[in-house]
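Q: Just dropping this structure here.
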Amino acid sequence: MHILLAEDEQQLNHVLTVALKSSGYTVDSVENGQEAVDYAKKNPYDVMVLDIMMPVKNGIDALKEIRASGDRTYVMMLTALSEVDDKVTGLDAGADDYLTKPFSLKELLARLRSLDRRHSNMDNDVLKFGDITLDDNKQVLESHNSISLSNKETRLLQYMILNADKELTVDQLLNQTWDDSDEHADTEDLWINISYLRQKLASVNSNVTIDGPKSGPFKLTK
């Protein structure tokens, strides 16, 4: 999983970053809310861990801006505030979960492992972007008409919708779309599926496009 960590306490930031990387996660670490917003706009993340009390822009305002852009990444808030109203404010702003400081590092890692399993299942049933609707269960793409997708095409388009308007590298798409049984999947496999998806987007008369050359990066735009 690729994690964005926004925590302004340098020592805690360092400890969390080391622990997350030691657990096999890829981590981008920032120290204020504005940096978190900037990173979220440019990069695809599986989880964002945001502290509330940060300089430049606090975690709540950063989260509101991230959500306003259409980003639906799972967000966990870190806060020293334990009042119910503070938690409600964060949840209303779009947070998915909370950890109140001081928290157990083991608990954070356990929650991330749970999210990792959930992410592997990619359990978003229906996603919308621009003029398209993707039904994951039925593996159907709809716009002005509808068309069936393969399992790989469905997973690929799903990940691209969740990270729409972001540049996605070949490695990112392979890691997220192909499972461990597809150990020989490469750029050619990805390009074939990208090409099929482009044809199917055109066949349903959608305005949504997948931009990018064979070597990537690719971006889903409307």
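The values are calculated or read from the model by the stated rules, or taken from the named source; none is laboratory data. These numbers were taken from a predicted model, which means no experiment stands behind them. Note: ideal-geometry Cβ built from the backbone for every residue, glycine included; neighbour counts use all protein chains shown. Note: areas computed on protein heavy atoms with side chains; ligands, DNA, RNA excluded. Shrake-Rupley method; radii C 1.70, N 1.55, O 1.52, S 1.80 Å.
Q: Go through (1) assigned to a helix (DSSP H, G or I); (2) in contact (Cβ under 8 Å) with a residue 24 or more places away in the chain; (3) surrounded by fewer than 20 Cβ atoms within 10 Å (Cβ to Cβ) and name the single condition ASN193 misses.
A: It is condition (3) that ASN193 fails.
Q: Related question: For region 50-74, which positions are assigned to a helix (DSSP H, G or I) and in contact (Cβ under 8 Å) with a residue 12 or more places away in the chain? I'd like the intermediate steps shown before the answer.
A: Here is the first cut: in region 50-74, the residues assigned to a helix (DSSP H, G or I) are 59-68.
Hits for region 50-74 are GLY59, ILE60, ASP61, ALA62, LEU63, LYS64, GLU65, ILE66, ARG67.
Q: Continuing with the same structure: SER215 versus (1) among the polar types (S, T, N, Q); (2) open to solvent by 50 Å² or more (accessible area, probe 1.4 Å); (3) in a helix (DSSP H, G or I): which is the lone unmet condition?
A: Tallying (1) among the polar types (S, T, N, Q); (2) open to solvent by 50 Å² or more (accessible area, probe 1.4 Å); (3) in a helix (DSSP H, G or I), SER215 fails exactly one: (3).
Q: While we're on this one: Could you run through region 8-22 and say how many residues are outside any helix (DSSP H, G or I) and touching a Leu at 6+ places or on another chain (Cβ under 6 Å)?
A: Filtering region 8-22 for residues outside any helix (DSSP H, G or I) gives 8-9.
Those still in the list that are touching a Leu at 6+ places or on another chain (Cβ under 6 Å) too: none.
Final tally of qualifying residues: 0.
Q: Residue pairs, Cβ under 9 Å, 6 or more apart or interchain, first in region 1-26 and free of Cβ contacts under 8 Å to residues at least 12 places away in the same chain, second part of a strand (DSSP E or B) and of a type in the set (Asp, Glu). List them.
A: From residues that are free of Cβ contacts under 8 Å to residues at least 12 places away in the same chain, the pairs are LEU12/ASP51.
Q: Checking VAL47 against (1) closer than 23 Å to GLN158 by Cβ; (2) without any contact (Cβ under 8 Å) to a residue 60 or more places away in the chain; (3) touching a Ser or Thr at 6+ places or on another chain (Cβ under 8 Å), which test does it fail?
A: Condition (2) is where VAL47 drops out.
Q: Could you please find all residues in region 108-127 being modelled with pLDDT of 90 or more and exposed (fewer than 14 other Cβ atoms within 10 Å of the Cβ)?
A: ALA110
Q: Of all residues in region 5-49, which are open to solvent by less than 20 Å² (accessible area, probe 1.4 Å), over 26 Å from LEU174 (Cα atoms) and either acidic (Asp, Glu) or more than 20 Å from the chain's Cα centre (by Cα) (or both)?
A: Passing the criteria: GLU7, ASN13.
Q: Which one of these does ASP186 not meet: (1) farther than 23 Å from SER146 by Cβ; (2) touching a Phe, Trp or Tyr at 6+ places or on another chain (Cβ under 9 Å); (3) in contact (Cβ under 8 Å) with a residue 12 or more places away in the chain?
A: Every condition holds for ASP186 apart from (2).
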